[in-house]
1. Taking into account only those residues within region 553-567 that are over 16 Å from residue 492 (Cα atoms) and under 26 Å from the mean Cα position of the chain (by Cα), which is surrounded by the most Cβ atoms within 10 Å (Cβ to Cβ)?
2. Of all residues in region 397-415, how many are closer than 19 Å to residue 273 by Cα and at pLDDT below 95?
3. Restricting the search to region 399-430, which residues are closer than 24 Å to residue 247 by Cβ and either touching a helix residue (DSSP H, G or I) at 6+ places or on another chain (Cβ under 7 Å) or not assigned by the TED database to the domain that holds residue 371 (or both)?
4. Does residue 396 fit the bill of being within 23 Å of residue 95 (Cβ to Cβ), outside the structural domain of residue 560 (by the TED database) and either crowded, with 22+ Cβ neighbours inside 10 Å or touching a strand residue (DSSP E or B) at 6+ places or on another chain (Cβ under 8 Å) (or both)?
5. Is it fair to say residue 487 is out of contact with any strand residue (DSSP E or B) (no Cβ under 7 Å at 6 or more places or on another chain), surrounded by 14 or more Cβ atoms within 10 Å (Cβ to Cβ) and in contact (Cβ under 8 Å) with a residue 60 or more places away in the chain?
6. When you look at residue 298, is it buried (at least 19 other Cβ atoms within 10 Å of the Cβ), more than 24 Å from the chain's Cα centre (by Cα) and either touching a residue at least 12 places away in the same chain (Cβ under 8 Å) or over 30 Å from residue 565 (Cα atoms) (or both), yes or no?
7. Taking residue 280 as the residue in question, decide whether it is buried (at least 22 other Cβ atoms within 10 Å of the Cβ) and over 18 Å from the mean Cα position of the chain (by Cα).
């Protein structure tokens, strides 16, 4: 009516009605949200589905600056990132003619003489496949075929039998299905990078779910061979059963701390391998598999598995053109990490240094009272590694490689080099998610974790804030499941730190717990924890560390066995002091 008559009184009335409608809409939405907050629970999965949406990073890809033009539409963005990734999945321009000739001849000889089919492989059975299917996670995103894990979990027995026949034929003929070698890539912005640069996006590969069942079967055959023959170097802790980043960090920390206690200096170089997984020389990997006497049916399958892989980038469900991968091990696969570990398994060692590896995160350490001895030992090892990396087409990023001299001395240590480039000595370095400072006080690490914890807590603020209507037990569950692991990560390594430094993290837990409980300023933290029957931060990290060290005593890994066994003593700083 206002549009027709243009009466100011009608305009006022219209605005009033619109305001009332908006208020009612807000009220309905608030009531709906409140109802959800109150009724979510862990029994039917609604709690985890609801809270996980707060954990996810929501990032819209802005206009991208391509090499030739600007990408504005979703399709243009997808193609722009795909072009960038295609350049990433290429061999490094490093050449060693003798090695290339030996590898090329060996791989060609194998492919020409390998039988067309194998009869000596351990076949899979329906029960093994059913066990693999049961381990699938329901909410994982599907690959390009759209077949998700929920569908596979509900397959009839007849379909399992068909899948069993397919996988046995894969092993018999040494051929991995071409359709299973195409990945859908979801680009995720790397922290702190320019969102308009296509190189700033990390590829998250989604592979067909059925292919992962076949991978699981093949990986079990490969691991059986590796374990029986004790092939993997003990210093490699990545993607291995009963080994974690905490184990490797403990090994490094014990080595450094023992040196500090004996008035020795420890020099450490933390290497940055450029595009490690994406630029593996595939023929070089096949050559190494043959040298490790890997069953020939597996070698032939892995050759088929790695060659002619393809990918397409998805941006808001718009797919780029399909691109070919010319190097590397498959992103997002089960087999890829183990194949990479085998590729770098013959990394050279030195008698006067130790090497620490978790996947591609590599560190070398040398210890002595004399700076010059450490410099000579590290430079000698780095020179050996330089030659080995070049031989196997592995590129070291000297700019991102860091070095720390762990000592209480202020005297500047002599320089070390890699690829004829001096590596500057740093006061601290982040390794496997933990900040190691030159005196191992752990304060820089705690400040880093404090910042990281607050960023994580901010995502859940609408749920755990004082004015949130979510029940207290659910708020506490959010803290336990999502936030406390940020604070306690690798606590057996740093739990012996000074009480004044540990309080940095303890205060963060206390603040959140008080917020969850709507505690007044005069309430004591001790009374709050007692009323909740919830462990304090100190109690919790001590319990975690006790369990960790108890299991460590029976560990079979040779590198872990070399950690000195000692009785905790508060007069001497060592990680096991947290047990006192």
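1. Filtering region 553-567 for residues over 16 Å from residue 492 (Cα atoms) gives 554, 556-559, 561-562.
After this cut, where a residue has to be under 26 Å from the mean Cα position of the chain (by Cα) as well, the list is 556-559, 561.
On the way: 556: 8, 557: 18, 558: 11, 559: 20, 561: 11.
Among them, the one singled out is 559.
2. Residues meeting the conditions: 4.
3. Selection gives 406, 428.
4. Values: within 23 Å of residue 95 (Cβ to Cβ): yes; outside the structural domain of residue 560 (by the TED database): yes; either crowded, with 22+ Cβ neighbours inside 10 Å or touching a strand residue (DSSP E or B) at 6+ places or on another chain (Cβ under 8 Å) (or both): yes.
Yes.
5. Values: out of contact with any strand residue (DSSP E or B) (no Cβ under 7 Å at 6 or more places or on another chain): yes; surrounded by 14 or more Cβ atoms within 10 Å (Cβ to Cβ): yes; in contact (Cβ under 8 Å) with a residue 60 or more places away in the chain: no.
When the stated conditions are applied, residue 487 does not pass them.
6. Numbers: buried (at least 19 other Cβ atoms within 10 Å of the Cβ): yes; more than 24 Å from the chain's Cα centre (by Cα): yes; either touching a residue at least 12 places away in the same chain (Cβ under 8 Å) or over 30 Å from residue 565 (Cα atoms) (or both): yes.
Considered against the rule, which asks whether it is buried (at least 19 other Cβ atoms within 10 Å of the Cβ), more than 24 Å from the chain's Cα centre (by Cα) and either touching a residue at least 12 places away in the same chain (Cβ under 8 Å) or over 30 Å from residue 565 (Cα atoms) (or both), residue 298 comes out as yes.
7. Numbers: buried (at least 22 other Cβ atoms within 10 Å of the Cβ): yes; over 18 Å from the mean Cα position of the chain (by Cα): yes.
In short, yes.
Yes or no, residue by residue, for (1) at pLDDT 90 or above; (2) outside any loop (DSSP other than H, G, I, E, B); (3) exposed (fewer than 12 other Cβ atoms within 10 Å of the Cβ); (4) assigned by the TED database to the domain that holds residue 394:
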position: 11; (1), (2), (3), (4): no, yes, no, no
position: 24; (1), (2), (3), (4): no, yes, yes, no
position: 29; (1), (2), (3), (4): no, yes, yes, no
position: 32; (1), (2), (3), (4): no, yes, yes, no
position: 42; (1), (2), (3), (4): no, no, no, no
position: 50; (1), (2), (3), (4): no, yes, no, no
position: 83; (1), (2), (3), (4): yes, yes, no, no
position: 94; (1), (2), (3), (4): yes, no, no, no
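The values are calculated or read from the model by the stated rules, or taken from the named source; none is laboratory data. None of the values given here were measured: they were computed from a predicted structure. In this analysis, Cβ positions are derived from the backbone assuming ideal geometry, glycine residues included, and neighbour counts consider all displayed protein chains.
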